[in-house]
Amino acid sequence: MDKIYDLLILGSGPAGLAAGIYAERARLDAMVIEKEYVSGGQVVNTYEVDNYPGLPGINGFDMGMKFREHADGLGVNFVTDKVERVEAPGKEDLTGECGSTVRSGGDAAEQPVYRVVCENETYAARTLIIATGAVHRKLGVPGEEEMAGMGVSYCATCDGAFFRNKDVAVVGGGDVAIEDAIFLARACRRVYVIHRRDELRGAKSLQEKLLRLPNVEMLWNTVVEKIEGDGQVSGLTVRNVKTGEISALPLQGVFVAVGIVPNSGIFEGLVEMDHGYIVADETGRTSAPGIFAAGDVRTKALRQIVTAVSDGANAVASVEKYLAG
């Protein structure tokens, strides 16, 4: 608690790792706080990354490890802990202690010191980069919670091997859903793609690849009403949103790929948000002085690995300017 860092980076996905690398190169006294024991965020669960420049077709886990190896090679400081809350300084406390404001920079401007309260320890810093990413959105239908891990999965590359020669469904219509279906079609007997609309939202190149696969069946204008099973998924009850027709779909696994939810709940009231995403532009600046956001957790048009890495670099550049006054 005596130490006050220049920068604390919350999260170790591509945005957090890039921020750590740039912070070390800038010779900032920084530390990355990561919740998981494996760095890389969502990318480690990606079977194949084909759109990151210079590394076509790399396995997602390998990419995450390469990012971490780069950071380790530079001497980036990491700690494994779970952030529970961030405490902003009170206006009346200007003593320079943790949770106060300090004078720093060329113009001696007052800068707050934030306390990051974690499960095991409390840390303090003049600046924060929030790079906590996002989690998979759930369907919210009967049977989903009960069958989680027993046929319901949110990661095709993690669990697909368990469904070799079986019938499965992928729910969703974006890039992730299409990629999951393509991956599963390599080993599964039949893959149903369930989408509430009559056309997919993913990249055209991925759609073309998917629709050429002989063991993939599209269920357009369809939603899942219930996940059936007793200790193991045995099928789905689905509904056609245009006709209202209810039908049963026997299968052994369902992979949910209907979007993500930002990991931002603990920052409510600290920074401005928009539908759970932290409001910040390409500079990473948020509504709170000294707090920056990077990666999937911030408001942005495109959430990809390459944009997350860019966010991390931009946020550190903004941190440097802020600390310089």
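Details
- Residue among 242, 166, 226 that is in contact with a Cys (Cβ under 8 Å, 6 or more places away or on another chain) and either farther than 24 Å from residue 49 by Cα or charged (D, E, K, R) (or both): 166
- Within the stretch 121-150, residues that are in contact (Cβ under 8 Å) with a residue 24 or more places away in the chain and under 23 Å from residue 173 (Cβ atoms) reach partners that are assigned to a strand (DSSP E or B) and among the charged types (D, E, K, R) with beta carbons closer than 7 Å, at six or more positions or on different chains, in the pairs 141/225; 141/226; 142/226; 143/226; 143/228.
- Condition met for residue 243 (closer than 30 Å to residue 30 by Cα, assigned to a loop (DSSP other than H, G, I, E, B) and of a type in the set (Ser, Thr, Tyr)): no
- Some residue of the stretch 217-229 being out of contact with any strand residue (DSSP E or B) (no Cβ under 9 Å at 6 or more places or on another chain), farther than 18 Å from residue 179 by Cα and in contact (Cβ under 8 Å) with a residue 60 or more places away in the chain: no
- Hey, residue 301 farther than 17 Å from residue 88 by Cβ, surrounded by fewer than 21 Cβ atoms within 10 Å (Cβ to Cβ) and within 15 Å of the chain's Cα centre (by Cα) or not: yes
- Of residues in the stretch 253-297 being touching a strand residue (DSSP E or B) at 6+ places or on another chain (Cβ under 7 Å) and of a type in the set (S, T, N, Q), the one farthest from residue 324 (Cα to Cα): 263
- Within the option set 167, 198, 159, being at negative phi, acidic (Asp, Glu) and either free of Cβ contacts under 8 Å to residues at least 24 places away in the same chain or touching a helix residue (DSSP H, G or I) at 6+ places or on another chain (Cβ under 7 Å) (or both) holds for one residue only, 198.
- Identification of strands (runs of 3 or more DSSP E) wholly contained in the stretch 1-84 with 3 or more residues that are within 22 Å of residue 112 (Cα to Cα) and over 19 Å from the mean Cα position of the chain (by Cα) yields 4-10.
- Only one of the listed residues (60, 16, 11) is touching a residue at least 12 places away in the same chain (Cβ under 8 Å), surrounded by 14 or more Cβ atoms within 10 Å (Cβ to Cβ) and on the phi > 0 side of the Ramachandran plot. That residue is 11.
- In this structure, residue 49 does not satisfy being in contact with a helix residue (DSSP H, G or I) (Cβ under 7 Å, 6 or more places away or on another chain) and modelled with pLDDT of 95 or more.
- Some residue of the stretch 135-150 being aliphatic (A, V, I, L, M) and touching a helix residue (DSSP H, G or I) at 6+ places or on another chain (Cβ under 6 Å): no
- Checklist (1) of a type outside the set (Val, Ile, Thr); (2) closer than 18 Å to residue 17 by Cα; (3) crowded, with 21+ Cβ neighbours inside 10 Å; (4) in contact with a helix residue (DSSP H, G or I) (Cβ under 6 Å, 6 or more places away or on another chain) applied to residue 257, failing item: (2)
- Leading residue by the ranking (farthest from residue 279 (Cα to Cα)) among those in the stretch 124-138 that are within 23 Å of the chain's Cα centre (by Cα) and either basic (Lys, Arg) or surrounded by fewer than 21 Cβ atoms within 10 Å (Cβ to Cβ) (or both): 138
- Residue 176 surrounded by 21 or more Cβ atoms within 10 Å (Cβ to Cβ) and either charged (D, E, K, R) or modelled with pLDDT of 95 or more (or both): no
- Test for residue 190: is it modelled with pLDDT under 95 and either surrounded by fewer than 19 Cβ atoms within 10 Å (Cβ to Cβ) or not small (Gly, Ala, Ser) (or both): no
- Across the stretch 253-274, the qualifying residues are those that are in a loop (DSSP other than H, G, I, E, B) and out of contact with any Gly (no Cβ under 6 Å at 6 or more places or on another chain), and the one among them that is nearest to residue 160 (Cα to Cα) is 259.
- All positions within the stretch 218-267 that are closer than 30 Å to residue 15 by Cβ and of a type in the set (Ser, Thr, Tyr): 264
The values are calculated or read from the model by the stated rules, or taken from the named source; none is laboratory data. Keep in mind it's a predicted model, so treat the numbers as computed, not measured. Please note: Cβ atoms are built from the backbone with ideal geometry, for glycine as well, and neighbour counts cover all protein chains shown.
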